[in-house]
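Structure first, then comments.
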Amino acid sequence: MTTDTPDPSGVPHAYAALGPDCVLDALDSIGLYGDGRLLALNSYENRVYQVGIEDGKPLVAKFYRPGRWSDAAILEEHAFVAELAEREIPVVPALTVNGKTLHEYQGFRFSVFPRHGGRAPELGDPAVLEWTGRFIARIHEAGKLGVYQERPALDPATFGTEPRDYLLANNFIPAELLAAYRSVIDQALEGVQRCYDRAGDVSLLRLHGDCHGGNVLWTDAGPHFVDFDDSRMGPAIQDLWMMLSGERHEQVRQMGDILAGYEDFCDFDSREMHLVEALRTLRLIHYSAWIARRWDDPAFPAAFPWFNTQRYWQDRVLELREQIALMDEAPLPV
């Protein structure tokens, strides 16, 4: 179990006060009494703990990063996941305790969830990909029935232009690499726009938003989907492309397996294949800015010691150059 300490500037981070006692006292405040067992789970954006409960099954408590989402945005996500659960889609909704899913204690907002076990899915197995595709389609069918009002869309502005501007304005790029990085990221965003132009006017829907293998837990009953914290409006392909890996021919097979299940429940617009490398590029840009924005959180320098080094930004320049070339290749066939 780790707790935050003040950063090198001497200013305590917002999470500094969130120690074990605070976690247990927060749960006590809503009538959930811990038995002393507390396990910090792998999460950087929020603080997430498995907590043993007296006379009950262990629960998972999520303490939201201060200042990231508004209460209304968190509740939108809770409502969407609850809607999926009502449709018997295997997700993990926040528990309603004392009539609420979002609680507050000493300035920290938190929610509690049932603990669900599972293993990583075998994404090399065609049957697993097809099964997963079916459930992603069911999530998307529900996602089409409403619109997020409080959560921003995943698009070139929010995941590309704005993160680029943040990185350039806050002196994260070494001076000797600044011109090269500025040039390559501008070229990359031009390539993203070309991909969006080729795809045309694709539909947006409520998504999982971060649907990779780490957020899909597998049991003998199949997959269940966790951590909708990054749920946004976006194109359907966003929840599919992160399941792909390996060489191009392998990705073609994998996408075929996913769509074999997906199209049992939901039509897929093949024009969205033009967005795969564009969305990958946006994710890479957004990831660097995400670490940069969290650099005052002591957990981040400890977890990402290579960030903000000369080598890191040299690798980002090379990575974006590769993406520029990939975005001008033909999309994966479907």
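Summary table below
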item	result
Two-site label geometry, ASP264 and LEU178: point separation in nm, points 7 Å out along Cα→Cβ	5.5 nm
Sequence-distant lysines (8 or more away, or on other chains) whose Cα lies within less than 25 Å of LYS100	LYS57, LYS62
Debye equation applied to the C-alpha atoms of region 42-200, log10 I(q)/I(0) at 0.11, 0.13, 0.21 Å⁻¹	-0.71, -0.95, -1.33
Anisotropy class of region 206-268 from Cα gyration tensor, a/c 1.5 cut	rounded
The chain - mean residue ellipticity at 222 nm from DSSP helices (-39,500 (n - 2.57) per run, n ≥ 4, rounded to 500)	-13000 deg cm²/dmol
Carbon and sulfur %, accessible surface of the chain computed with the full protein complex present, 1.4 Å	50 percent
Ordering of 22-32, 97-107, 204-214, 234-244 by packing [mean C-beta count within 10 Å, highest first]	234-244, 204-214, 22-32, 97-107
Where only alpha carbons of region 120-241 are counted, the Rg and the Dmax (Å)	17.6, 53
Region 73-111 and region 171-204: distance between their alpha carbon centers, rounded to Å	35 Å
Charge dipole (debye, nearest 20) of the chain; +1 at Cβ of Lys and Arg, -1 at Cβ of Asp and Glu	400 debye
For the chain, radius of gyration divided by Kirkwood radius, i.e. Rg to Rh on alpha-carbons	0.97
Per-pair calculated FRET efficiency, R0 = 45 Å: HIS212 and TYR33 via Cβ, rounded to 0.05	0.80
Protection-proxy order for peptides 321-327, 144-150, 272-278, each taking the mean of Cβ atoms within 10 Å per residue, highest first	272-278, 321-327, 144-150
Whole-Hz couplings from phi, Karplus 6.51/-1.76/1.60, listed for region 82-89; x for Gly and Pro	5, 4, 5, 4, 4, 8, 6, 8
1.4 Å probe accessible area per residue over region 208-334, in Å²	41 Å²
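The values are calculated or read from the model by the stated rules, or taken from the named source; none is laboratory data. This is a predicted model, so every value here is computed, not measured. For neighbour counting, all protein chains shown are included, and Cβ atoms are generated from backbone atoms with ideal geometry for every residue, glycine included. Remember, those area values only see protein heavy atoms, side chains included, never the ligands or the DNA or RNA. Shrake-Rupley method; radii C 1.70, N 1.55, O 1.52, S 1.80 Å.
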